[in-house]
Amino acid sequence: MMQTRAPSRPVRFSFSLGRILFLGTVLLLIFFLALPLLAIVVRALPAGLGAWVDPATLDALQLSLFTASFSAALALVVGTPIAYLLARENFRGKTLVDTLIDVPMVLPPAVAGLALLMAFGRRGILGTQLSALGIELPFTTAAVIMAETFVAAPFYVRAAKAAFSGIDQRLEQMSALLGESNLRTFFRITLPLAAPTLFGRDPDVAADPAGQAGVHRLETDHRFEVDVAVRDVEHEDPARG
């Protein structure tokens with residue numbers, strides 16, 4: 001027997017109050033996200049193509065791509081072991097380490113930059129020791145990479161920890177029963193299973209600190225550099241104060 005299909009009925013949208021509020025919220029968020037991006041394009045168009053290929057613009061883009069990529073790779077290298085440790089082991093002080101990793105994610109960019117300057121700046125905690133070795137970090141490419149890694153690493157560690165926690169530990173135990181070392185098990189079993197999450201998250205890790213660095217630079221850099229310069233001069237020569 002052949003089954004006959006019922007004629008399809010046109011879909012009717014019921015404009016209830018709940019649906020209107022739902023769609024209104026969606027449209028509001030889209031408008032809020034799209035308008036600033038559109039404003040950038042509209043304001044940049046009158047400048048012409050020359051502004052986009054200006055040497056200063058290209059140098060800035062090249063520096064941003066280099067520092068963001070380097071900081072993402074650095075977060076991958078130093079963040080993977082600690083993410084695996086937090087996901088697999090219980091040790092004294094684990095809660096403290098877990099909390100310490102969360103702190104940079106909630107710090108405003110300006111506060112994070114100030115904290116790094118107080119730690120590694122010329123008059124920071126390690127400033128004297130670094131200067132004795134001939135290392136000057138403030139306002140260098142290395143400082144940008146350090147700042148971006150400070151922002152990026154916690155996000156990567158969180159994602160990597162979730163990826164390692166989702167892997168069945170029986171697979172690792174079976175590998176150990178077959179005589180494989182812990183290191184070989186990690187690289188041949190654990191890491192390949194977690195790779196989609198680890199390497200899928202890495203582009204986001206690179207993009208996030210680069211964007212936050214841009215916002216921070218736009219809002220605070222000029223005032224902060226002037227303030228630091230004035231304080232340094234007053235500290236070196238009190239007669240000028």
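The values are calculated or read from the model by the stated rules, or taken from the named source; none is laboratory data. All values derive from a computational prediction rather than experimental measurement. We place every Cβ from the backbone using ideal geometry, glycine too, and count neighbours over all the protein chains shown. SASA here: full protein model, heavy atoms, side chains in, ligands and nucleic acids out. Shrake-Rupley method; radii C 1.70, N 1.55, O 1.52, S 1.80 Å.
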Response to the item:
Plugging the Cβ-Cβ distance of residue 176 and residue 95 into 1/(1 + (r/R0)^6) at R0 = 30 Å yields, to the nearest 0.05, a FRET efficiency of 0.60
Discussion item. Ordering 139, 187 by accessible area with a probe of 1.4 Å, largest first, what comes out?
Written reply: 139, 187
Worksheet item: Using 1/(1 + (r/R0)^6) with R0 = 30 angstrom and r between the beta carbons of residue 66 and residue 88, what's the FRET efficiency to the nearest 0.05?
Response: 0.35
Worksheet item: residue 106 accessible area, nearest 10 Å², 1.4 Å probe?
Response: 120 Å²
Fill in: Heavy-atom accessible area ranking, 1.4 Å probe, most first, across 148, 136
136, 148
Response to the item:
Taking only the alpha-carbon atoms of the stretch 64-159, the convex hull volume per residue, in cubic angstrom, is 117 Å³
Fill in: Using θ = phi - 60° and Karplus 6.51 cos²θ - 1.76 cosθ + 1.60, couplings along the stretch 73-81 (whole Hz; Gly, Pro as x)
5, 5, 5, 5, 6, 8, x, 5, x
Worksheet entry | Dimensions (Å) - the stretch 57-117, Cα atoms, principal axes, largest first | 49, 25, 16
Worksheet item: How would 70, 155 line up by accessible area, probe 1.4 Å, largest first?
Response: 70, 155
Worksheet item: Which whole-Hz ³J(HN,Hα) couplings does the stretch 105-110 yield from phi under the Karplus relation 6.51 cos²θ - 1.76 cosθ + 1.60, θ = phi - 60°, glycine and proline marked x?
Response: 6, 9, 6, x, x, 5
